[in-house]
Each structure stands twice: as structure tokens, then as C-alpha cells.
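Visitor: First the structure, then my questions, so here it is.
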Amino acid sequence: MKVSIVKYNAGNVQSVLFALERIGINAIVTDDKDLLTTSDKVIFPGVGEASSAMKYLKEKNLDEVILNLKQPVLGICLGMQLMCQYSEEGNTNCLGIFDNKIKIFRGDFKVPQIGWNTIYDLKTNLYQGIKENEYMYFVHSYYAEISEHTIAKTNYGLEYSSSLQKNNFYAAQFHPEKSSDAGQQLLENFIKL
Amino acid sequence: MITKRIIPCLDIKDGRTVKGINFENIKDAGDPVELAIKYAKQGADELVFLDITATNEKRKTLSELVTRIAKHINIPFTVGGGISSVEDVSILLNSGADKISVNTSAVKNPQLIKELANQFGSQCVVLAIDTKFEDNDWHVYLNGGRVKTDLKTIDWAKQAVALGAGELLLTSMNNDGTKDGYAIDITKQISEAVNVPVIASGGAGTMQHFKEIFENGKADAALAASVFHYKEIAIPELKKYLQENNLEIRI
């Protein structure tokens, strides 16, 4: 099993690497087109800001590489947002894999959302063995609206997509690598896809 | 619904967990990685590691410890103590820390908060404030509580959030180590004044203290050390109690 993590200017990939190690996977971190394209699984992590991340991906032609991946891909947090059509963060046109728009949380509640929240209406094998209303760890200020691609929902001031899927592309707004046993289950499920 | 968080804090000195009372009389409380694993398994929502003897020579030891922790636990953790530059933070985040906390260095150079938020994002910048009630107001203290400043806690909290702090960790020196309960008033004041999560710290002695700081102090998270280290409160029991009292808790 060859698992690659997309190397770019956003995110602390160390925790994703360690989480994979805990389930017996030694992943590589790379921005090399051939290595990414020939991997069995690709993880697109991300903690950071959308416009500078997109700019970097374009400079390195990683946008094209990611769009053309045929194997299962898992976007995490900012990675998921960059897989959508557009983000209000920095008024950024993103990869457009999912036609969702990314909006900022507005309302009388704390932003960013930091902490454990539930996921529900779970779909696809990514959530095999994960119970409805399981808690996952979230850290974000922007969210994806509900759409036909939604495979998990969460409520924080409003209901939004905490997970998306289209063809071989999967994504989670929360951090499975930091979400205790349930998060580990999700990573194991992804590796088995 | 987002949950209230229970956060065991591990004070680190020379690679060991220690606990003092009112920032003094330091006692050994075990191996940090072992404790971290235990707390994660018991249902801790997050962990905080504060290196209370952090100096430049110790930086490498700390980053190695951070990597050992990150390899072994699957919940988020914050590292603090003696962090004073973008470079320090970069090393700790690359070692596997999810967030870092700054305290004294941010008071001395508030722009540090802005630089860290710009470079790494507000989500990983926790501002720790040690506060003490004196002369009718809450004041900010530095250097582990040894140095008083002219800053009022509420003003500093607001300024830090405006600069980009993503969370506040508020320790009341009047309450720390007393086991008489958290400082409800100042926690509530700060929590209502800023739009980022507030972690209350200092004074936990009973399960009811946690309930009070969430309900009356409007804290988003509660941090404690000795009650967990010395097994006076078990995390599963605490979380069950809070859930039975209608607080949103991850079990």
C-alpha cells in the first residue's frame, strides 16, 4: 500500500503522518507528480489560508495533478475547502471538484469553531463502523454548504457539510488524525477503499 | 452541538511532569508521555503541556518530547512555556504540536501574536494569561506569576484577540492550587468580551467546580492538573457527571 500526502505550504502534516503510522501505514510526503499519481491513496491535508494555498498549488501545477487523480483522495480541513468551487476566504477560486461554496461562519457564536462536535447522516464506506452522532475534532472558521455531495453533516450555528464525496474524491472538514478512535476508524476505512 | 472540553495540563520540568501550588513547591507527578496516553484513553478532549523550565538549551529536548507525544496520542495538544519567536513555534509545530501557547513573550512584544497568526493561522495560537485579583481589579502577571504588569486582564485579552490569538488560556493565580473552584467572574467577563474560546484554569477541586465554570463562568474548556494527576477526579466519572447536568460533553 503506497500512501502519499500532498506536500504544500499549508498544514502540519506531521500529525497525519503519525496517525497513519498508528494504523501501520508509512506514508510519504511529496509534491512530485509521478509519485502522487502512482500512489494507491492520496491525502490532501491542510491548515492555513485558502488564497495563499491555492496560489502555491497553481505555481507548482499541483492543482492539475490533484484534479486528475484517479485513486481515492482524502481532503482534510483546508484540503476539503480547496477541493470546492470557491471560498470566501481571500475571495478564492478553488479546485472545483465539489461545486460547493465555502462561506465564513456568521452569527452570535464563537469563530473559529474549535473543539468536538457531532457528525450525522453518514454515508459511504468512509463511515463504516462509525456511529451516527459520533464526535470529531474541528478547527475552522469557514464551512461548506449542504449539497448533493454531502456525506456527513454537522451543526454549528447552522447545518453544514462536514464531509463530502464525489467519485474518487472524499473530504472531511474535521481532523480524523486528531479525533481519537473514531477518527482512526475513518482513516482505516479510507485506506481500505 | 460543540462540546465543553476537559483538558488535563501537564507541567513539564526536565522531561518530567510536575505540579506546584500557587506556582511554587514543585512536586514530581510522573512521565508525561505515559500520562498523556492515559488521559487520552480516559476521554480527555485535549492536552496542554507547559514547559516551566524552558530555556534555549532545553528547546531540543522539548521538541523531542513533543514528537514522542504526537506519535502516541490521537487527540489535539498544545505546547507552551518560554516560546518567544516564530522559529520556536515552527519547530514545535513541525515536531507534531497542534497549537502553541505564548505568555510573557507576547506581553513584551504583542506583535508576536500577529506574526504567529499570519504565519501559522490563529487556530494554533493560544494566548496564556496568568492573572491575579489585586487592588480591586484583575492584572496580568508574567514569568510564571513572578512579575506584575500594569496591564488589566480584560484589556490584554481583547487586544490579543484583535491581534490574532485563536484561544485564551486564563489562569487565576488566586485560585490555582487552592482546589476551591475556578475564578468564575473574570472567566465570564473575558468569555463574554471576546469571540474566541476561553479555557479556564486554576482552582479545580471537585466535579462541581467544572460544572460551575461551564455554566456560570461561560468557559468553553476547563483545564486542571493535580486533581487528575493525583487521581482525585477520574475523567470518565467527571464527564458522566457533566453530561447528567445537561452540559454537552463527548463520551
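Visitor: Hey, got the average number of other protein chain Cβ atoms within 10 angstrom for residues in B:115-123?
Guide: Numbers: counts 0, 0, 0, 1, 1, 4, 10, 5, 9.
That works out to 3 on average.
Visitor: Same structure again: So what are the ³J(HN,Hα) numbers for the stretch B:153-158, from phi and the Karplus equation (6.51, -1.76, 1.60; θ = phi - 60°), rounded to whole Hz, Gly and Pro as x?
Guide: Per residue, the Karplus-derived 3J(HN,Hα) values read 4, 5, 5, 5, 4, 5 Hz.
Visitor: Another question about this same structure. Report, as an integer, the average count of C-beta atoms from other chains found within 10 Å of each Cβ along A:104-117.
Guide: If you average over the peptide's residues, the count of other-chain Cβ atoms is 5.
Visitor: Give the residue from B:N216, B:Q243, A:I151 lying farthest towards the positive end of the charge dipole for the protein assembly as shown; charges sit on Cβ (+1 for Lys and Arg, -1 for Asp and Glu) and the dipole is referred to the Cα centre.
Guide: Working it through, the farthest residue towards the positive pole turns out to be A:I151.
Visitor: Then there is this: With unit charges on the beta carbons (Lys and Arg positive, Asp and Glu negative) and the dipole taken about the Cα centre of the stretch B:71-187, which residue among B:G181, B:N94, B:W138 sits farthest to the positive side?
Guide: B:N94
Visitor: Here is a further query. If you average the alpha carbon positions of the stretch A:124-161 and of the stretch B:169-220, how far apart do those two centres end up, in angstrom?
Guide: Centre-to-centre (Cα) distance: 30 Å.
Visitor: Moving to a separate point now. What does the structure give for A:131-141 when I average, per residue, the other chain Cβ atoms found within 10 Å of the residue Cβ?
Guide: 3
Visitor: Can you tell which of A:L35, A:P112, A:F190 lies farthest toward the positive end of the dipole of chain A, using +1 and -1 charges on the Cβ of basic and acidic side chains (Lys, Arg; Asp, Glu)?
Guide: Positive-end residue among those listed: A:L35.
Visitor: Please state the shape class of chain B: rounded when a/c is under 1.5, otherwise prolate if a/b exceeds b/c and oblate if not, all from the C-alpha gyration tensor.
Guide: Rounded, because the longest to shortest axis ratio a/c is under 1.5.
Visitor: Calculate one ³J(HN,Hα) per residue across the stretch B:164-173 by plugging θ = phi - 60° into the Karplus curve 6.51 cos²θ - 1.76 cosθ + 1.60, and present them in order as whole Hz with x for glycine and proline.
Guide: Running phi through 6.51 cos²θ - 1.76 cosθ + 1.60 with θ = phi - 60° gives x, 5, x, 7, 10, 10, 9, 10, 8, 5 Hz.
Visitor: Which far-off residues, 5 or more places away or on another chain, put their amide H under 5 Å from the one on A:W116, with H placed in the peptide plane?
Guide: A:F138, B:T3
Visitor: Quick one: order A:M136, B:M173 by neighbouring beta-carbon count within 10 Å, fewest to most.
Guide: Least crowded to most crowded, the residues run B:M173, A:M136.
Visitor: Long-range amide H contacts for B:D45: which residues qualify at under 5 Å (H placed 1.01 Å from N, peptide plane, sequence gap of 5 or more or a different chain)?
Guide: The answer is B:I6.
Visitor: Contact order normalised by length for chain A, with contacts defined as Cα pairs under 8 Å and 6 or more residues apart; what percent is it?
Guide: With pairs under 8 Å counted, the relative contact order is 19 percent.
Visitor: If you plug each phi of the stretch A:50-65 into the Karplus form 6.51 cos²θ - 1.76 cosθ + 1.60 with θ = phi - 60°, what whole-Hz ³J(HN,Hα) values come out, in order, with x for Gly and Pro?
Guide: 5, 5, 5, 5, 5, 4, 5, 4, 5, 4, 9, 6, 6, 4, 5, 4
Visitor: Each label point is 7 Å from the Cα along the Cα-to-Cβ direction; what then is the distance between the points at B:H72 and B:E34, in nm?
Guide: Distance between the two pseudo-spin positions: 0.9 nm.
Visitor: Starting from the amide H of B:L151, placed 1.01 Å from N in the peptide plane, find each other amide H under 5 Å away whose residue is 5 or more places distant or on another chain.
Guide: Distant-sequence amide H within range of B:L151: B:V140.
Visitor: Could you work out the local net charge near B:A222, counting Lys and Arg as +1, Asp and Glu as -1, over the other residues with Cβ closer than 14 Å to its Cβ?
Guide: 0
No value in this document is a laboratory result; all are computed from the given coordinates. Quantities reported herein were computed from a predicted structural model and do not represent experimental measurements. Note that each Cβ is placed from the backbone with ideal geometry, even for glycine, and that neighbours are counted across all protein chains shown.
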